[in-house]
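This report concerns only the one structure given below.
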Amino acid sequence: MKLRFGLRVVISCLGCFLAVGLGLIPLTRMPLFSESMTESPRAAPPAPSSLPTGEVRAAAGEEERVTTQLQLGGFLCASCGPSMSKNECIGMEKTAYLTFDDGPSGNTLRILRILREHGVRATFFVTGRAAAADKHSLQAIVEAGHALGNHTYSHDYNRVYASTEAFQADVRRLDRFLEQTVGVKPRIMRFPGGSNNHQSRKYGGSNVMTNIIRDISQQGYSYFDWNVSSTDAAGAVVSEEQIVEAVKQNSRGKRQAIILMHDLDQKTTTVDALPHIIRHLKEQGYRFDVLNKKSFTFQFLKPGLEINRRKHTS
Ligand SMILES: [Zn+2]
């Protein structure tokens, strides 16, 4: 099993370096600490009641990037990345950030019950449509002390990634809704599909993410991608075992783990897997926390790096 995983990382890594060498991938877009460059096979999950089918399909496919890790120069931590020295990283307490995207859903209350039973907090990146459809669950998230993040109101790639203005309007719409409904105005957000999603180019051109990231950052939002995928969006139904195994595998060696999961009606196996995931992470010595503007962050695409990339390619 270990050998197979190692082999996969080596092959993936060789492929990346080869692609960079051939000029196929700009170096600054290459994750230094090993997000897999390939996307998992896409399968269309059934649509939940609150979102149209196409939208969910795009979200599930884009958000599924299996993260792996590399052991570089004997330094095992893959989470801190180049922004932190080895000593700084080792000085940090092992922390796991459970994150749930796309909710609330019919599973939210079950998720909240499990979190309560295990005494841990999580971060919910909600959408406006889902939140509007289930204000009760939204309220329950806030009352239990979990963090709310903005995941755009519509979660419609076509709409939000059409331009920076369109993106901001969508984000502000959700901010307003959350403020009016539960009295919370999130300052943290997650892009549908992540900051390096490919779908956005189709709708807003190749620089749209660069511009959105710059504007959103200037307005004081912190955005969060993930460095541990649960792979729960790899297919319509991913088995509980696969989800648990993916979190175990992808969190190995990371002192800071931002774990991507989904809070959608059809993701019942994610809920089934949750107690096992929490137990495993506790056994590995993690404490749990919610994301906030001061917490550890992991970003596939940073404004500075993207600007560098543009310089090199223009
Ligand atoms: Zn999403």
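At a glance:
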| read-out | value |
| --- | --- |
| Entirely in the range 148-230, the helices (runs of 4 or more DSSP H) that have 1 or more residues that are among the acidic types (Asp, Glu) | 164-182, 208-218 |
| Positions within the range 190-222 being surrounded by fewer than 21 Cβ atoms within 10 Å (Cβ to Cβ), over 22 Å from THR123 (Cβ atoms) and away from the ligand (no atom under 16 Å from the Cβ), in sequence order | ARG201, LYS202, GLY205, SER206, ASN207, VAL208, THR210, ASN211, ARG214, ASP215, GLN218 |
| Residue match in the range 215-231 (condition: touching a residue at least 12 places away in the same chain (Cβ under 8 Å), among the charged types (D, E, K, R) and out of contact with any Asp or Glu (no Cβ under 7 Å at 6 or more places or on another chain)) | yes |
| The range 98-124 - residue that is among the polar types (S, T, N, Q) and in a loop (DSSP other than H, G, I, E, B) and, of those, surrounded by the most Cβ atoms within 10 Å (Cβ to Cβ) | SER105 |
| Residue that is modelled with the lowest pLDDT [pool: residues in the range 268-306 that are part of a helix (DSSP H, G or I) and exposed (fewer than 14 other Cβ atoms within 10 Å of the Cβ)] | GLY304 |
| Residue under evaluation ASN227, criteria (1) among the polar types (S, T, N, Q); (2) under 26 Å from ASN107 (Cβ atoms); (3) surrounded by 24 or more Cβ atoms within 10 Å (Cβ to Cβ); (4) within 14 Å of the ligand (Cβ to nearest atom), criterion not met | (4) |
| In the range 237-267, the residues that are surrounded by fewer than 18 Cβ atoms within 10 Å (Cβ to Cβ) and in contact with a Pro (Cβ under 8 Å, 6 or more places away or on another chain) | VAL237 |
| Cβ pairs under 9 Å, 6+ apart, first in the range 278-294 and more than 20 Å from ILE111 (Cβ to Cβ), second part of a helix (DSSP H, G or I) and modelled with pLDDT of 95 or more | GLN284/LYS248; GLN284/SER251 |
| Test: residue in the range 134-153 that is of a type in the set (Phe, Trp, Tyr) and touching a residue at least 40 places away in the same chain (Cβ under 8 Å) | no |
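The values are calculated or read from the model by the stated rules, or taken from the named source; none is laboratory data. Nothing here was measured: the structure is a model prediction, and the numbers come from that model. Positions of Cβ are backbone-derived with ideal geometry, glycine not excepted, and every protein chain shown enters the neighbour counts.
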